[in-house]
Amino acid sequence: AQTVTQSQPEMSVQEAETVTLSCTYDTSESDYYLFWYKQPPSRQMILVIRQEAYKQQNATENRFSVNFQKAAKSFSLKISDSQLGDAAMYFCAYRSDNYGQNFVFGPGTRLSVLP
Amino acid sequence: KAGVTQTPRYLIKTRGQQVTLSCSPISGHRSVSWYQQTPGQGLQFLFEYFSETQRNKGNFPGRFSGRQFSNSRSEMNVSTLELGDSALYLCASSLATDPSTDTQYFGPGTRLTVL
């Protein structure tokens, strides 16, 4: 079974600075998809970014980018120019290419943004 | 396009009672997944329904059940409630037609408190 690990339960960053959240996963599959979700205090889960394992190019969405290292099974999220609204729980998630398996979420990293 | 909606948003029950939660997916989405979120256990997958059939199931006791209707709306039922069932229950929907483009979109959740 696949597992997702986020080794940083909590992190903080100064406003306008850059922060990187770590995620590692374990799988024997070659095709899969990785996601970062954000859960602000409102508890609404919001998709931040998505990466296909077969793509070598790292995904980017505005201030958010990932560093996908397939061989190392690492999928980190970089937030540039951090804003107060970025404060939230961030979950890394894995989904198989096979619909017979569900999403697997990591335990989350709580990010605080300091003014 | 309207997002995923969940009703009710808040619910208070007592031990031994049963509860039904409802989820309406984004229009056109055929898959609905349910998750339980607690501070201690994080996000745990309950089950997924696709075209009225349970496609995946997590490791929860039989007291947790669900169903999906022909319009893709889904309900989750918990019987004989226990204190440990207090949690945020999240529903997520997706098109589930092509893994290469599929993404889950979450509802705001139902906060269940068991007294």
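Values quoted throughout were computed directly from the atomic coordinates according to the rules given, and no laboratory measurement underlies them. What you see is a predicted model, and the numbers here were worked out from it, not measured in a lab. Neighbour counts are summed over all protein chains in view; Cβ atoms, including those assigned to glycine, are modelled from backbone coordinates with ideal geometry.
Taking Cα atoms of segment B:12-60, Rg/Rh with Kirkwood Rh, to two decimals?
That ratio is 1.02, to two decimals.
Please state the shape class of segment A:66-106: rounded when a/c is under 1.5, otherwise prolate if a/b exceeds b/c and oblate if not, all from the C-alpha gyration tensor.
Judged from the Cα gyration tensor, segment A:66-106 comes out oblate (a/c at least 1.5, b/c at or above a/b).
Please grab the % of Cα pairs in segment B:1-101 that end up more than 17 Å from each other.
Of all Cα-Cα pairs in segment B:1-101, 51 percent lie more than 17 Å apart.
Based on the Kirkwood radius over alpha-carbon pairs, what value in µm²/s does the Stokes-Einstein equation return for the translational diffusion coefficient of segment A:40-115 at 25 °C and 0.890 mPa s?
D = 177 µm²/s.
Over chain A, what relative contact order in percent results from Cα pairs under 8 Å that are six or more residues apart?
37 percent
Can you put A:32, A:54 in order of Cβ neighbours within 10 angstrom, beginning with the fewest?
Lowest count first: A:54, A:32.
How many angstrom lie between the Cα centre of segment A:1-74 and the Cα centre of segment B:69-100?
Using only Cα atoms, the two centres lie 24 Å from each other.
Compute from the Cα atoms of the protein assembly as shown the Rg and the Dmax, the latter being the longest Cα-Cα distance, and quote both in angstrom.
Rg and Dmax of the protein assembly as shown, Cα atoms, are 17.6, 52 Å.
Remind me, relative contact order of chain B in percent, using alpha carbon pairs under 8 angstrom and six or more residues apart?
Result for chain B is 36 percent.
Students often forget the sequence filter, so: which aspartates and glutamates lie under 19 Å Cα-Cα from residue A:70 once same-chain residues fewer than 8 apart are removed?
Counting by Cα, and skipping residues close in sequence, residue A:70 has these aspartates and glutamates nearby: A:26, A:29, A:31, A:52, A:97.
If a cysteine in the protein assembly as shown has no other Cys Cβ under 4.7 Å from its own Cβ, put it on the list, ordered by number.
For the protein assembly as shown, the answer is none, because every cysteine Cβ has another cysteine Cβ under 4.7 Å.
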